[in-house]
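None of the figures in this text is laboratory data; all of them are computed from the coordinates on show. For clarity, every value in this text was computed on a predicted model and none was experimentally measured. Backbone-built Cβ (ideal geometry, glycine too); neighbour counts: all protein chains shown.
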Amino acid sequence: MEGDKKGITSEELKQHNKAGDLWISIQGKVYDVSEWANEHPGGDVALMNMAGLDATDAFIAYHPGTAWKYLDKLFTGYYLTDFKLSETSKDYRRLASEFAKLGLFEKKGHITMYALTSIVLMFCAVLYGVLCCQSVWAHFGSAVVLGFLWIQSAYIGHDSGHYQVMNTRGYNKLAQFLAGNSLTGISIAWWKWTHNAHHLACNSLDYDPDLQHIPVFAVNSIFFNSIKSCFYGRYLNFDPVARFFVSYQHWTFYPVMCVARVNLYIQTFLLLFSKRRFPDRALNILGILIFWTWFPLLVSCIPNWPERVMFVLTSFAVTAIQHVQFCLNHFAADVYTGLPEGNDWFEKQTSGTLDISCSSWMDWFYGGLQFQLEHHLFPRMPRSQLRRVSPLVQDLCKKHNLSYRSLSFWEANVWTIRKLRNVALQARDLANPVPKNMLWEAVNTHG
């Protein structure tokens, strides 16, 4: 190092990788974020996942240019001496800089206004169908509309969680509170906690909570070893019950998706009433109380119990469309264990995602998340710009010989079910360790 600059190696940096001793490097400078972790708007998990590593690409992806000035007070005085920047990362950073100069991270378009208007109209339609109509078909139609309302509300909550929807953090928080907690009953705090971890360690079997669905689903046979979830801090036990469910997961996938919303409610309550620290606990609880006030009251206005059950199950089943979509984006993609390190962050994002190809008029249906890779590489970019940047992302992947997979909705379903079936058959092998003969093959060929 020149002058009086103090140097530190990558191996030495890795020693500072735990709570209370948490260092990261950004563009060669080393920062101590131990105390900042508790105040970090994105939560402490995001920083813990980057602890002891170079976090430049991730920092660029998740922070606006105004965030750089806050790093100075965290600077340790050390510089990383042996980090070599890959050509892929150079091109990614150059592309991100070009997008910023074009103002693509600020150009939100009118999608949010249209989405919020549609949510208000759908809510009015649901109220009219339940309160002013006696027909069972009107109640059924209202349940379908409510399901689509929840889907669109989730997209608004998702976008506002990335600070894309409004121009200020205060308005974004209001959008999260209304579209997330109050309308859908799902805590934005829970979403941030899990979603940020998912983005940073996309498709890591032990770090990405969006792949950790034992005992119901397993996307890879590595889960058969009862690996430890570094996100939840516990082992994902692959016991006989898990083996049974996983053995039939390609059959249970769609039925489970129809009631997957129940799990989100449970996860919300587990976080809100846990000892874990997170911002705006009171506001999150208030939003959940609002949901669990209006929704039961609405259901109680339906004249009889069979119709009430039909209403709830139908509204939940409609949201299965969105739950399935989220799974399609990742279940059939490549997986790994551990964390992405420095130069391979971009590569891990490309290998761990699948795009869904569709016409532009269907963008509202997918909420922009059909451009899953583009969203993962540029999570602060408004969904109205993702189609525009997609060709440039494809060119970058082609230049560096990285996978860019864009499938139709049908093809993505086929890939996902095929992946689940392959793992299911491996689980059955463990449950029935007998020699494969022609009879065994005949019985198990079609799952």
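The figures follow:
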{"read-out": "Over 22 Å [Cα-Cα, region 44-145], rounded percent", "value": "60"}
{"read-out": "Trypsin sites (Lys or Arg not before Pro) restricted to region 21-103 and DSSP loop, no more than 14 other C-beta within 10 Å", "value": "84"}
{"read-out": "Region 243-352: C-alpha gyration tensor shape, a/c 1.5 cut-off, then a/b vs b/c", "value": "oblate"}
{"read-out": "Mean shadow area of region 251-311 over all directions, Cα convex hull, nm²", "value": "5.7"}
{"read-out": "Helix-only mean residue ellipticity at 222 nm for the chain, each DSSP H run of n ≥ 4 adding -39500 (n - 2.57), per residue, nearest 500", "value": "-16000 deg cm²/dmol"}
{"read-out": "Gain in span if fully extended, residue 18 to residue 286, counting 0.36 nm per residue against the direct Cα distance", "value": "93.2 nm"}
{"read-out": "Cα-projected label distance for residue 87 with residue 235, points at 7 Å along beta-carbon direction, nm", "value": "4.5"}
{"read-out": "DSSP bridge pairs, the chain: antiparallel proportion in percent, nearest 5", "value": "60"}
{"read-out": "Signed unit charges on C-beta, dipole axis of region 215-319, positive-most listed residue 225, 245, 265", "value": "225"}
{"read-out": "Tensor-based shape of region 110-329 (alpha-carbon gyration tensor, a/c under 1.5 rounded, otherwise prolate or oblate)", "value": "oblate"}
{"read-out": "Neighbour cut-off at most 11 other Cβ (10 Å), DSSP loop, trypsin sites (Lys or Arg not before Pro), region 250-357", "value": "275, 277"}
{"read-out": "Charge sum, other residues only, whose C-beta stays under 15 Å from residue 103's C-beta, Lys/Arg counted +1 and Asp/Glu -1", "value": "+3"}
{"read-out": "Net lengthening on full extension, residue 277/residue 359 (0.36 nm per residue, minus Cα-Cα)", "value": "25.3 nm"}
{"read-out": "Neighbourhood charge, 13 Å Cβ-Cβ cut-off, centred on residue 91 and excluding it, Lys, Arg +1 and Asp, Glu -1", "value": "0"}
{"read-out": "Net charge dipole size for the chain [Lys, Arg +1 and Asp, Glu -1 on Cβ; Debye, nearest 20]", "value": "660"}
{"read-out": "Fluctuation leader among 219, 262, 30 - the chain, Gaussian network, Cα springs under 10 angstrom", "value": "262"}
{"read-out": "11 Å beta-carbon shell around residue 247, net charge (K/R +1, D/E -1)", "value": "+2"}
{"read-out": "Cut-off under 5 Å, modelled amide H: who pairs with residue 29 long-range", "value": "80"}
{"read-out": "Stretch gain in nm, segment residue 132-residue 403, where the contour uses 0.36 nm per residue and the Cα spacing is subtracted", "value": "92.3 nm"}
{"read-out": "Charged-residue dipole, Cβ positions (Lys, Arg, Asp, Glu), region 110-329 about Cα centre, Debye nearest 20", "value": "520"}
{"read-out": "Kirkwood Rh in Å, taken over the chain so that all alpha-carbon pairs contribute", "value": "23.5"}
